[in-house]
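For reference, the structure discussed in these notes is given below.
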Amino acid sequence: MTQKPDLAGFDALLRARHSCRGFLPDQLTHEMIGSIVQAAQRVPSWCNAQPWHLTITSGAETDRLRDFLFQAASEEKHNADVDFPEEYRGVYKDRRSEVGWQLYEQMGVVKGDRQGSAREMMKNFRFFDAPHVAVITSDRALGPYGVLDVGGFVTAFCLAAEAAGVASIPQAAPAGFSGQLRRFFNIPQERIVVCCVSFGLRDENHPSNQFRSNRAKLDEIVDWRG
Ligand SMILES: Cc1cc2nc3c(=O)[nH]c(=O)nc-3n(C[C@H](O)[C@H](O)[C@H](O)COP(=O)(O)O)c2cc1C
């Protein structure tokens, strides 16, 4: 029998999820990963196009990918299929800075420690040692709404994963090297690399997993009319 969903249960799931940056090496089965993907597929998309496509790595293939991308990010030029933000300004700059310092504090990176912050940033390209990576693409012709649909899918994937006891982190940083990912996986030109999601079992003791990001107050994000 299907349980009737309620907001309290959903809220508990939303609060349990966070971006995980420290994983255990344990591999998940294709069956387990498939059940997460299938749950996430229930999100809405414009015209039900479901533009997401995932290339999912496991085992030695994840290690081959992290070695390749770390090297590419160290030596090659940034070339994202989806434009990165031009600027974080105002509250967006403040929020970005706040969460960045929350992470750095846990990792022992102090203000002015450029080497330390670069070291933390470069962990993106090793996928924070996650055992699995999903590289998620959209159809180029669907444009920004295809990317929007993929965004909804990514959120649902992370929530479905959490509900299955699997930790995850969406990552735009690796998509900064879309061309290299395209080459590595032979992704056709008509598809754009939107982002990656690294996932696996959470290392509860990893310092990067010891903080939780904050959220804006309701009145900062809603204008009530009427
Ligand atoms: C589209 C998207 C891209 C992201 N890219 C990165 C990334 O490249 N590296 C990273 O460490 N975190 C990345 N994150 C994770 C965010 O930093 C994180 O979601 C945010 O700080 C809120 O924290 P929480 O996920 O723990 O609630 C990304 C999240 C989203 C939704």
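Values quoted throughout were computed directly from the atomic coordinates according to the rules given, and no laboratory measurement underlies them. What you see is a predicted model, and the numbers here were worked out from it, not measured in a lab. Counting neighbours? That spans all protein chains shown, and the Cβs are built from the backbone with ideal geometry, glycine included.
A few points about this structure:
- The separation of the stretch 32-54 from the stretch 90-128, counted between C-alpha centres, amounts to 31 Å.
- Label-point separation in nm, Ser74 to Gln189, each point 7 Å along Cα→Cβ: 3.2 nm
- With one equal scatterer per alpha carbon and no solvent term, the Debye-computed log10 I(q)/I(0) for the stretch 1-60 at 0.21, 0.28 1/Å reads -1.23, -1.22.
- Most mobile of Ser198, Ser178, Ser45 in a GNM of the chain (Cα contacts under 10 Å): Ser45
- When you filter the chymotrypsin sites (Phe, Trp or Tyr not before Pro) in the stretch 12-101 for DSSP loop state and at most 13 other Cβ atoms inside 10 Å of their Cβ, you are left with Tyr88.
- 3J(HN,Hα) couplings calculated from phi for the stretch 123-131 with the Karplus curve 6.51 cos²θ - 1.76 cosθ + 1.60 (θ = phi - 60°) are, in sequence order, 4, 3, 7, 9, 6, 6, 6, 5, x Hz; Gly and Pro show x.
- Longest exposed-site-free window of the chain, the sites being GluC sites (Glu not before Pro) in a DSSP loop that have at most 14 other C-beta atoms within 10 Å: 88-189
- In the stretch 38-75, trypsin sites (Lys or Arg not before Pro) in a DSSP loop with at most 12 other beta-carbon atoms within 10 Å: Arg42
- Segment Lys111-Glu87, extension gain: residue separation times 0.36 nm, minus the distance between their alpha carbons: 6.5 nm
- Distances between every pair of Cα atoms in the stretch 53-164, grouped in 10 Å steps from 0 to the bin holding the largest one, split as 11, 29, 44, 15, 1 percent.
- Whole-angstrom Cα spans of the stretch 1-100 along principal axes, big to small: 54, 43, 35
- Taking every full run of DSSP H in the chain, the ones that stretch at least 20 Å from end to end by Cα along their long axis and average -1.0 or higher on the Kyte-Doolittle scale are 59-75, 143-163.
- Rounded to the nearest angstrom and listed largest first, the equivalent-ellipsoid semi-axes of the chain from its Cα gyration tensor are 25, 24, 21.
- Scaling against 2.2 N^0.38 Å puts the C-alpha radius of gyration of the stretch 121-215 at 1.14.
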